[in-house]
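J.: Quick one: this structure, given as structure tokens, is what I'll be asking you about.
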Amino acid sequence: MILCFDIGNTDIDVGVFENDMHIKDFHIPYQKEQSCWTYLGGILKGLKANDIKPEDVKGSILCSVVSNSTQGVYEAMEIAFSHKPVLFENKPEITGIEILTDNPDEVGLDIIAGCMTVKEKYSLPAIAVDMGTGTTLTAMDKDGRILGVSIVPGILVALEALVARTGLPADESLAAPAKVIGTNTADSIASGVVFGNAFMMDGMISAFEKEMGTQCNVYCTGGGSKYVMPLCQHPNIINEDLLLEGLYLYYKRIKGL
């Protein structure tokens, strides 16, 4: 059994792989910049809740975009599993992803991992979309190279900011209302958040394609994708495990499997 850990800005996502099959996912709540012992407790609780014995975990990998939590989580994984986890890094010779931005080290490791899955499983050129704390759109050319990224405030981040600034009530279920023109406050906010993001995504995808000079395949992940992307006019494929599958692919390459 191989466990793939992704430290995001909201929680830690864990993908469980066995015999090359992605068998389950679970989430570990966490606070940033804690000791490894605090993270260890969260990891062991998550394992127990999912009927996973630490001794059955033969390998693990960690990807993090939260630098002040990386070391603590890594050390907690090392204690929990009695082995050294693989640390996901921007190594083009392993990822197979060349980055053509001004500063390749600025591109998030989670973005690179998702792009690995896109290049391995899907058709190029592509736009990889991740709708999490922030919404990112990543342009990939016909050779799978990363051309650049656009970053938009995430759906829940925008909704929370609206509520905090206005005091308006809001439904965080992200369910789309029956129509765009809201006739009450809750539906008006839901319309703006869900439909507004869908129309924004259509506009951004069109702008990406215009700059790239080609039509693109669109692949989406992240918690907000299942609410927004089905409402888009551009065809797209949702794979909620895009990032975790990239981590598993990286693990296999590092281990020569």
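J.: Which one of Ser67, Ser82, Ser35 is at positive phi and either surrounded by fewer than 15 Cβ atoms within 10 Å (Cβ to Cβ) or of a type in the set (S, T, N, Q) (or both)? Outline the logic, then answer.
T.: Working: Ser67 fails: at positive phi; Ser35 fails: at positive phi.
Testing whether each residue is at positive phi and either surrounded by fewer than 15 Cβ atoms within 10 Å (Cβ to Cβ) or of a type in the set (S, T, N, Q) (or both) leaves just Ser82.
J.: Which condition does Asp141 not pass, out of (1) surrounded by fewer than 16 Cβ atoms within 10 Å (Cβ to Cβ); (2) more than 17 Å from the chain's Cα centre (by Cα), if it passes all the others?
T.: Going through (1) surrounded by fewer than 16 Cβ atoms within 10 Å (Cβ to Cβ); (2) more than 17 Å from the chain's Cα centre (by Cα) one by one, Asp141 breaks only (1).
J.: Which of the residues belonging to region 194-235 are at pLDDT 95 or above, closer than 20 Å to Pro153 by Cβ and part of a loop (DSSP other than H, G, I, E, B)?
T.: The answer is Cys232, and nothing else.
J.: If you don't mind, there's one more thing I want to ask. For region 140-178, give me each residue that is modelled with pLDDT of 95 or more and assigned to a loop (DSSP other than H, G, I, E, B).
T.: Across region 140-178, the qualifying residues are Asp141, Lys142, Asp143, Gly144, Arg145.
J.: From the set of residues in region 97-125 that are touching a residue at least 60 places away in the same chain (Cβ under 8 Å) and in a loop (DSSP other than H, G, I, E, B), which is nearest to the chain's Cα centre (by Cα)? Write out each step before concluding.
T.: Taking region 97-125 and keeping what is touching a residue at least 60 places away in the same chain (Cβ under 8 Å), we get 110, 112-118, 120-125.
Of the ones still in play, those that are also in a loop (DSSP other than H, G, I, E, B) are 122-125.
Numbers: Tyr122: 17, Ser123: 19, Leu124: 19, Pro125: 20 Å.
Residue satisfying both the conditions and the ranking: Tyr122.
J.: Another one. Out of curiosity, is Val86 within 21 Å of the chain's Cα centre (by Cα) and within 16 Å of Met1 (Cα to Cα)? Talk me through it step by step, then tell me what you get.
T.: On the way: within 21 Å of the chain's Cα centre (by Cα): yes; within 16 Å of Met1 (Cα to Cα): yes.
Yes, satisfied.
J.: Please specify each residue of region 197-224 satisfying the condition of being hydroxyl-bearing (Ser, Thr, Tyr), surrounded by fewer than 20 Cβ atoms within 10 Å (Cβ to Cβ) and either on the phi > 0 side of the Ramachandran plot or under 20 Å from the mean Cα position of the chain (by Cα) (or both). I'd like the intermediate steps shown before the answer.
T.: Start the filter on region 197-224 by keeping residues that are hydroxyl-bearing (Ser, Thr, Tyr), which leaves 206, 214, 219, 221.
Next, only the ones that are surrounded by fewer than 20 Cβ atoms within 10 Å (Cβ to Cβ) stay: 206, 214.
Passing the criteria: none in range.
J.: Free of Cβ contacts under 8 Å to residues at least 12 places away in the same chain, surrounded by 15 or more Cβ atoms within 10 Å (Cβ to Cβ) and over 20 Å from the mean Cα position of the chain (by Cα): is that true of Gly256 in this structure?
T.: Working: free of Cβ contacts under 8 Å to residues at least 12 places away in the same chain: yes; surrounded by 15 or more Cβ atoms within 10 Å (Cβ to Cβ): no; over 20 Å from the mean Cα position of the chain (by Cα): yes.
No; evaluated as a whole, the condition is false for this residue.
J.: Further, regarding this structure: For region 149-163, enumerate the residues that are buried (at least 16 other Cβ atoms within 10 Å of the Cβ) and touching a strand residue (DSSP E or B) at 6+ places or on another chain (Cβ under 8 Å).
T.: Val149, Val152, Gly154, Ile155, Val157
J.: Looking only at residues in region 39-64 that are polar (S, T, N, Q) and closer than 14 Å to Cys4 by Cα, which one is surrounded by the most Cβ atoms within 10 Å (Cβ to Cβ)?
T.: Residues of region 39-64 polar (S, T, N, Q): 50, 60, 64.
Now restrict to residues that are closer than 14 Å to Cys4 by Cα: 60, 64.
Values: Ser60: 23, Ser64: 21.
The residue in question is Ser60.
J.: In addition: Got at least one residue in region 185-196 being in contact (Cβ under 8 Å) with a residue 60 or more places away in the chain, of a type in the set (Phe, Trp, Tyr), in the same structural domain as Asp102 (by TED's automatic domain parsing) and buried (at least 16 other Cβ atoms within 10 Å of the Cβ)? It would help to see each step written out before you state the result.
T.: Start the filter on region 185-196 by keeping residues that are in contact (Cβ under 8 Å) with a residue 60 or more places away in the chain, which leaves none.
No; the residues of region 185-196 include none that is in contact (Cβ under 8 Å) with a residue 60 or more places away in the chain, of a type in the set (Phe, Trp, Tyr), in the same structural domain as Asp102 (by TED's automatic domain parsing) and buried (at least 16 other Cβ atoms within 10 Å of the Cβ).
The values are calculated or read from the model by the stated rules, or taken from the named source; none is laboratory data. Remember, predicted model here, so these are calculated numbers, not experimental data. Glycine gets a Cβ as well: all are built from the backbone with ideal geometry, and neighbour counts include every protein chain shown.
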